[in-house]
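Below is one structure, written out as structure tokens; the observations come after it.
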Amino acid sequence: MFVVTGATGRTGRAVVDELLRAGHPVRAIGRRPRTLAPLEAAGARASVAEPTDRDALAEAFSGAEGVYVMVQPNYIPDSPDFPAHQRAIVDAMTEALSSAGVGRVVTLSSWGADKEHGTGPVLGLRHLEERTNALDAAVTHLRAGYFMENLLGQVASVHAGGVVAAPFAPDLPMPFIAAEDVGRAAAHRLAGATAASAGAPEVLELHGERDLSMSEVVDVIAAVTGRPGLRYVRRTVEEFAAEQRRAGVSENVTGLMVDVVHAINSGHTATLQPRTRRTTTPTSIESFVGDTFLPALRAEQPR
Ligand SMILES: NC(=O)c1ccc[n+]([C@@H]2O[C@H](COP(=O)([O-])OP(=O)(O)OC[C@H]3O[C@@H](n4cnc5c(N)ncnc54)[C@H](OP(=O)(O)O)[C@@H]3O)[C@@H](O)[C@H]2O)c1
């Protein structure tokens, strides 16, 4: 039996689906029975646990062949101290994995987790890597690239203003990846053979189908959504931070997001492993925009 944390989320749901498709028993963890119900309907067993509750997690992990561990969620916009939230989750997860004696662990980490500073919330994922490396388990860290789903934050701006506005350099290639592909890769690592062993963790970077700059992404959105006039507007970091604050994002989280922007634009956060069959994932930006971005854009339109 495999256990999936963050199971109702973007990567977690894909891990559950892929493991079930391969015929493995799955225990899905979430905070509420209501949001876990669709996973039970799909064939998983559900466990309700807060991600900081080490006793509930240890119970949910007991008897597991392997566990998918993630620090949930992506951001809490109004958090006064998001790194403290991340550390509390990492502490609870690693203590629960240890007390349940789990032998196989796949973590969701990120590009940039090799760096000791200046990467915003990725430092919390680096902490997850360090803590799980100390477990008596075969541990694989999946360092995922930049989620295509981050583009969904642009739907309103594309709809209202015909622009994609972000603080990233327009021509900088970035490893855009679909969250579903991250989840599928995690399921394969959990249930498949591994090069990792206790004391010798494995790091696998996950790139998308191809690297893309923001300008290239905007060209694809323009073509697929039938908006030939769509433009990319690069925000300064100051403009970006001011927008975040206006949207109610806390000073702490705004600072972390600014760190991410600097780290990516400067190349401090960069992919380190070459693009190979192991590191490449299948979903193209054209598929993502057609299957996910376009329906979200249509849902914005007045009917
Ligand atoms: N965005 C990127 O470009 C990127 C790149 C690399 C790595 N990552 C990492 O990917 C992870 C996010 O993965 P994901 O997209 O699969 O997760 P997600 O969909 O954002 O969230 C996963 C689950 O977190 C729970 N959740 C929501 N709000 C919460 C809160 N305030 N406190 C505690 N739990 C909450 C929800 O589950 P329940 O309500 O069922 O508990 C949700 O289904 C993060 O660790 C992020 O750093 C992101």
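Of note:
- Gaussian network model of the chain, springs between alpha carbon atoms under 10 Å - residue of 224, 164, 122 with greatest fluctuation: 224
- A full extension of the chain between residue 238 and residue 172 corresponds to an added length of 21.8 nm, given 0.36 nm per residue minus the alpha carbon distance.
- For region 181-220 versus region 235-303, the gap between their alpha-carbon centres in whole angstrom: 17
- Rg(Cα)/(2.2 N^0.38 Å) for region 1-42, N = residue count: 1.00
- Sorted by Cβ density within 10 Å, fewest first, the residues 17, 211: 211, 17
- Base-10 log of normalised Debye intensity for region 145-236 (one unit scatterer per alpha-carbon) at q = 0.14 Å⁻¹: -0.60
- Residue among 125, 152, 57 with the largest mean-square fluctuation in a Gaussian network model of the chain, springs linking Cα atoms under 10 Å: 152
- As a proxy for reagent exposure, ranking 271, 94 by other Cβ atoms within 10 Å from fewest up yields 271, 94.
- Equivalent ellipsoid dimensions for region 98-188 as semi-axes, Å, which come from the Cα gyration tensor, largest first: 32, 15, 11
- Relative to the current alpha-carbon distance between residue 294 and residue 188, full extension at 0.36 nm per residue lengthens the span by 35.3 nm.
- For the chain, pairs of C-alpha atoms spaced more than 25 angstrom apart make up 49 percent of the total.
- Per-residue 3J(HN,Hα) values for region 245-255, derived from phi via the Karplus relation 6.51 cos²θ - 1.76 cosθ + 1.60 with θ = phi - 60°, read 4, 4, 7, x, 6, 5, 4, 4, 6, 4, x Hz in sequence order (x marks Gly and Pro).
- Mean shadow area of region 42-89 over all directions, Cα convex hull, nm²: 4.5
- Remark: spin-label model distance residue 215-residue 152 equals 2.9 nm, labels positioned 7 Å along the Cα→Cβ axis.
- Rounded to 5, percent antiparallel among DSSP beta bridges of the chain: 5
- In this structure, the amide hydrogen of residue 144, modeled 1.01 Å from its nitrogen in the peptide plane, lies closer than 5 angstrom to those of 109, 110, 111, 206, counting only residues at least 5 positions away or on a different chain.
FYI, it's all coordinate maths here, none of it is from the lab. Nothing here was measured: the structure is a model prediction, and the numbers come from that model. Positions of Cβ are generated from backbone atoms using ideal geometry, with glycine treated the same way; all protein chains shown enter the neighbour counts.
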